[in-house]
Amino acid sequence: MRKDQQARQSAAMAYDLQDQQLIALIDRIAARAAAAGRAADSEAALRALYDSTSSKLYGVALRVVGNREWAEDVLQETYLNIWRIAGDYRAALSPPMAWMGVIVRSRALDFLRRRASERADAALELDDVIAETVAGDSPNPMDTSQASEQAWALHECLRKLESRQREVVSLAYLRDLSHSELAQQLKLPLGTVKTWIRRGLDQLRGCMGRFA
């Protein structure tokens, strides 16, 4: 029993020491705004803080966003945020890891909201283009009727695509993005983007053929 108590006390002391070290680093980062000539020391403190905490915060980000590349982006945003708001940290209110954990979760949720918004915007843009095509502006009633039928068929076929395929096809052809640009924007492997576009177009051609 005594050995267990000693082990717990040692662990608590080590934990307190780690907290003190992290608090000191955060204070050094915050000092850049309070004193001229402290930028270099603050940058060194940020690097040290990153080395000490990034693996744990990366794990938090990964659990929220579920993608390694996205988690890396979230992690970078987290430390930029820490750099900006280090002066707001109050050790009496929260341990340093808990404070940084709140920041990384907030950045991760913001990241997911941005991606959801971008996907929604792409889908709305595609629907708008289809709606304009359906409305038509040709003076020939026959041309207008044919264009409307084709647009309706395209709309129905697009709806049958898997959501990610529809997103990729929309971005590729409505925003005229290259495969590389798509891969970078969607944080996906280039081969995956090419495969989704090829399969999506094959499905569209097959579906549209049934309406011909």
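Got a number for residues in region 57-102 being loosely packed, with under 15 Cβ neighbours inside 10 Å, closer than 23 Å to Ala39 by Cβ and under 12 Å from the mean Cα position of the chain (by Cα)?
Adding up the residues that qualify gives 1.
Find the helices (runs of 4 or more DSSP H) located wholly in region 134-212 whose residues include 2 or more that are closer than 30 Å to Ala71 by Cα and at pLDDT 70 or above, and list them. Please lay out each step first, then the result.
Working: elements: 141-159, 163-174, 179-186, 190-211.
So the answer is 163-174, 179-186, 190-211.
Collect the residues in region 16-34 that are at pLDDT below 80 and either under 32 Å from the mean Cα position of the chain (by Cα) or surrounded by 16 or more Cβ atoms within 10 Å (Cβ to Cβ) (or both), keeping them in residue-number order.
Within region 16-34, Arg32, Ala33 qualify.
The values are calculated or read from the model by the stated rules, or taken from the named source; none is laboratory data. Quick caveat: nothing in here was measured; it's all calculated off a predicted structure. Cβ: placed from backbone, ideal geometry, glycine included. Neighbour counts: every protein chain shown.
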